[in-house]
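Reading through the structure tokens given below for one structure.
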Amino acid sequence: LAEKAYAEAGDETGKLGSQINQAQALQTLGLYRSAQTTLEQVNQTLKAWPDSLLKATGLRSLGLALQVVGDLGRSQAVLQQSLAIAQQFNSPADINTTLFSLGNTARALQKPEALALYQKAAETATTAIAKLEAQLNQLSLLVETKKWAEANTLLPEIQAAIAN
């Protein structure tokens, strides 16, 4: 409904934002292939647009959908584009969310940079929950890779954050 109203009003930005929101709702419902289809269409339109935070959000959403359906190489490339745009606009929340998603993709690809991406996501977190999520993924990866000393160093910080 919102998408149609924006289209009728000639508001292309509003229309694309609505499509991104629809795709994110589909992802929340677990309908990742449907979300991917919508986001691929949005991405085709956004390619011709100048960089914007809307473009960064669309790319990040597409990167997440690609990650979940197993297209990890494309996910990583799209997320890196999103990160570059978010950094260009100096948007801390967008940078943090994209770093976290990049960490998840790198982890799925079994790339060693996943740990550094989680660390950077924790450092750039704009909320306590975002920081804790990044630290928990970092801890999980440290345990998975048997880096016990680093895990033991991180654990007290996580425990303190949970206590708060």
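Can you give the accessible area per residue of the chain, in Å², using a 1.4 Å probe?
Ligands and nucleic acids excluded, the result is 54 Å² per residue.
By its C-alpha gyration tensor, with a ≥ b ≥ c as the square roots of the eigenvalues, how is the range 56-164 shaped: rounded for a/c under 1.5, else prolate for a/b larger than b/c, else oblate?
In terms of gyration-tensor shape, oblate.
What do you reckon, how do Arg60, Arg33, Arg107, Arg74 stack up by accessible area (1.4 Å probe), largest on top?
Of Arg60, Arg33, Arg107, Arg74, the descending order of accessible area is Arg33, Arg74, Arg107, Arg60.
Taking only Cα atoms and a 10 Å spring cutoff, compute GNM fluctuations for the chain and point out the largest among Gln27, Gln88, Gln119.
Taking springs between Cα atoms under 10 Å, the residue moving most is Gln88.
What does the charge dipole of the range 111-154 about its Cα centre add up to, to the nearest 20 debye, if the Cβ of each Lys and Arg holds +1 and the Cβ of each Asp and Glu holds -1?
Magnitude of the dipole: close to 60 debye.
Could you sort out which of Lys55/Lys146; Lys120/Lys147; Lys55/Lys131; Lys55/Lys120 sit more than 29 Å apart by Cα distance in this structure?
Long pairs (Cα-Cα over 29 Å): Lys55/Lys146.
Hey, in the GNM for the chain with a 10 angstrom Cα cutoff, which one of Pro50, Pro112, Pro92 fluctuates hardest?
Taking springs between Cα atoms under 10 Å, the residue moving most is Pro50.
Leaving ligands, DNA and RNA out of it, rank Ile85, Ile129 by accessible area with a 1.4 Å probe, largest first.
Final ranking, largest accessible area leading: Ile129, Ile85.
Once you charge only the Cβ atoms, +1 for Lys and Arg and -1 for Asp and Glu, what is the size of the charge dipole of the range 1-124 about its Cα centre, to the nearest 20 debye?
Approximately 300 debye in magnitude.
Quote to one decimal, in nm, the extra length available between Ser34 and Asn21 on full extension: 0.36 nm per residue of separation minus the C-alpha distance between them.
Between Ser34 and Asn21, full extension yields an extra 3.4 nm.
At a 1.4 Å probe, what is the % contribution of carbon and sulfur to the accessible area of the range 73-151?
56 percent
The values are calculated or read from the model by the stated rules, or taken from the named source; none is laboratory data. Small disclaimer: the values here were computed from a predicted structure and weren't measured. As a convention, Cβ positions derive from the backbone with ideal geometry for all residues, glycine included, and neighbour counts pool all protein chains shown. SASA here: full protein model, heavy atoms, side chains in, ligands and nucleic acids out. Shrake-Rupley method; radii C 1.70, N 1.55, O 1.52, S 1.80 Å.
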